[in-house]
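The structure appears below as structure tokens.
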Amino acid sequence: MQMLQNKEDVYILAIESSCDETAAAVVKNGRTVLSNIISSQIELHKLYGGVVPEIASRKHIEKINYVVEEALKTAGMNLQDMTAVGVTYGPGLVGALLVGVSAAKAISYGAGLPLIGVHHIEGHISANYIENPDLTPPFLCLVVSGGHTHLVMVNDYGKYEILGRTRDDAAGEAFDKVARAIGLGYPGGPKIDRISKEGNCGAIHFPRAKVNENPYDFSFSGLKSAVLNYLNSCEMKGEPVNQADVAASFQKAVTDVLVHHSLEAVKEHQISKFAIAGGVASNSALRAAMESACMEAGIEFFHPSPILCTDNAAMIGTAAYYEYLAGKRDGLDLNAVANLKLGER
């Protein structure tokens, strides 16, 4: 049974395949998610201790048609009901991106629908709009994921200014590497979050790095090295390693830096609204610390539900909606751009 539609409504069929989730969604008017289908590859990549790009690409090929069909079916709609097709075209793993982009272009051409390429980080930022109907720009957003750590000023829909970014490892990347080092395995973020609850975050002092050239930039490679040095020292001395204490102390060091940089930027730019986004934004310690800091500073705090923090197509549909309203359209020459910078076209 098809849904009754208002001719003014905009329905976006969205596709996301930038890493190891194959996802499709139908989003109405940018903020109402009618379906959000995600096929995860985590169990497969656990065997290798991280994402294997070639395997990810092959699995996307297997799943892409299924998730698109399921998204339309769950929404009770078909391609003829869609207004446009939105797709992540960067940044990400180029082979994985190409699967989603190729599928979106085929659907766009076959169904005669406008095609809208979406920046993956813009998608993560836009995830905040879905569950927070009152959130509108301007606001500051911290994007923390396996591949990115960005402090972004959202001046308007689709208008971004990067205030700070990581100089080396992204926060999520550091979580994965430390989790592997202390024997927790992949994916590191959720496992460190879980075991940290059993540990003492003050047991070990790990460094909080500052970047002199830009107070809003991040650096986590030194922290990662400090954890590895601590583990090596314990091994050389024959001392036992408390996994929970190491995880909790490491997590506290990351959280302290993220909260400090974010609040300093909020104060300097006199912003009253702050949001977090990306896979690491589902970390319970980070969410609690950010919420507490924002409450103390009198700042409104926004965050997506954990399912919308991970890679998903609903966030891409939301971002595509605002790009659609702004008149953005892409041709069939749209290509995957692995290292696409936020704000580039």
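Could you please let me know if Cys201 is of a type outside the set (Val, Ile, Thr), in contact with a helix residue (DSSP H, G or I) (Cβ under 6 Å, 6 or more places away or on another chain), in the same structural domain as Lys224 (by TED's automatic domain parsing) and outside any loop (DSSP other than H, G, I, E, B)? No: the conditions fail for Cys201. If you check Gly30 against the conditions, is it over 21 Å from His119 (Cβ atoms), part of a loop (DSSP other than H, G, I, E, B), within 19 Å of the chain's Cα centre (by Cα) and among the small types (Gly, Ala, Ser)? No. Within this structure, Ile130 fails the test of being closer than 18 Å to Leu325 by Cβ and crowded, with 24+ Cβ neighbours inside 10 Å. Checked against (1) over 20 Å from Gly279 (Cα atoms); (2) outside the structural domain of Asn212 (by TED's automatic domain parsing), Leu93 passes all but condition (1). On the stretch given as the stretch 56-84, residues that are under 19 Å from Ser39 (Cα atoms) and of a type outside the set (Phe, Trp, Tyr) total 19. Restrict the check to the stretch 143-156 and report whether at least one residue is of a type in the set (Asp, Glu), in the same structural domain as Val259 (by TED's automatic domain parsing) and farther than 22 Å from Ile307 by Cα. Scanning the stretch 143-156, I find at least one residue that is of a type in the set (Asp, Glu), in the same structural domain as Val259 (by TED's automatic domain parsing) and farther than 22 Å from Ile307 by Cα, so the answer is yes. Scanning the stretch 96-155 for residues that are without any contact (Cβ under 8 Å) to a residue 24 or more places away in the chain and among the aliphatic types (A, V, I, L, M) yields a single hit, Ala106. Residues in the stretch 312-335 include none that are crowded, with 20+ Cβ neighbours inside 10 Å, in a loop (DSSP other than H, G, I, E, B), at pLDDT 95 or above and touching a Phe, Trp or Tyr at 6+ places or on another chain (Cβ under 8 Å). Would you mention how many residues in the stretch 48-79 are more than 22 Å from Asn335 (Cβ to Cβ), touching a helix residue (DSSP H, G or I) at 6+ places or on another chain (Cβ under 8 Å) and modelled with pLDDT of 95 or more? Of the residues in that region, 3 qualify.
If a residue counts only when it is over 17 Å from the mean Cα position of the chain (by Cα) and among the polar types (S, T, N, Q), which strands (runs of 3 or more DSSP E) contained entirely in the stretch 107-181 have at least 1 such residues?
Here the list reads 149-156.
Residues to consider are Asn312, Asn232; find the one that is out of contact with any helix residue (DSSP H, G or I) (no Cβ under 9 Å at 6 or more places or on another chain) and not aliphatic (A, V, I, L, M).
Working: Asn312 fails: out of contact with any helix residue (DSSP H, G or I) (no Cβ under 9 Å at 6 or more places or on another chain).
None of the other options fit; the residue is Asn232.
The single condition among (1) under 30 Å from Gly183 (Cβ atoms); (2) surrounded by fewer than 18 Cβ atoms within 10 Å (Cβ to Cβ) that Ala96 does not meet is (2).
Only one entry of Val266, Val227, Val280, Val254 meets the criterion of being touching a strand residue (DSSP E or B) at 6+ places or on another chain (Cβ under 7 Å), among the β-branched types (Val, Ile, Thr), within 14 Å of Phe175 (Cα to Cα) and surrounded by 15 or more Cβ atoms within 10 Å (Cβ to Cβ), and that entry is Val280.
Just to confirm my filter: which helices (runs of 4 or more DSSP H) fall fully inside the stretch 207-305 and include at least 3 residues that are touching a residue at least 60 places away in the same chain (Cβ under 8 Å)?
Once the helices (runs of 4 or more DSSP H) in the stretch 207-305 are filtered for at least 3 residues that are touching a residue at least 60 places away in the same chain (Cβ under 8 Å), what remains is 243-268, 284-297.
Pairing residues of the stretch 34-49 that are within 23 Å of Leu184 (Cβ to Cβ) with residues that are part of a strand (DSSP E or B), at Cβ distances under 6 Å and at least 6 apart in sequence or on separate chains, gives Ser40/Glu21.
Just one of (1) modelled with pLDDT of 95 or more; (2) out of contact with any helix residue (DSSP H, G or I) (no Cβ under 8 Å at 6 or more places or on another chain); (3) surrounded by 14 or more Cβ atoms within 10 Å (Cβ to Cβ) fails for Ser17. It is (2). So Gly100 passes all but one of these: (1) farther than 27 Å from Asp333 by Cα; (2) touching a Ser or Thr at 6+ places or on another chain (Cβ under 7 Å). Which condition number does it fail? Answer for Gly100: the failing condition is (1). Out of the stretch 39-62, which residues are in a loop (DSSP other than H, G, I, E, B) and surrounded by 15 or more Cβ atoms within 10 Å (Cβ to Cβ)? Hits for the stretch 39-62 are Gln41, Gly50, Val51, Val52.
The values are calculated or read from the model by the stated rules, or taken from the named source; none is laboratory data. Predicted model, so just to flag it, every value in this text is computed and none were measured. Glycine also receives a Cβ, built like all others from the backbone with ideal geometry; neighbour counts cover every protein chain displayed.
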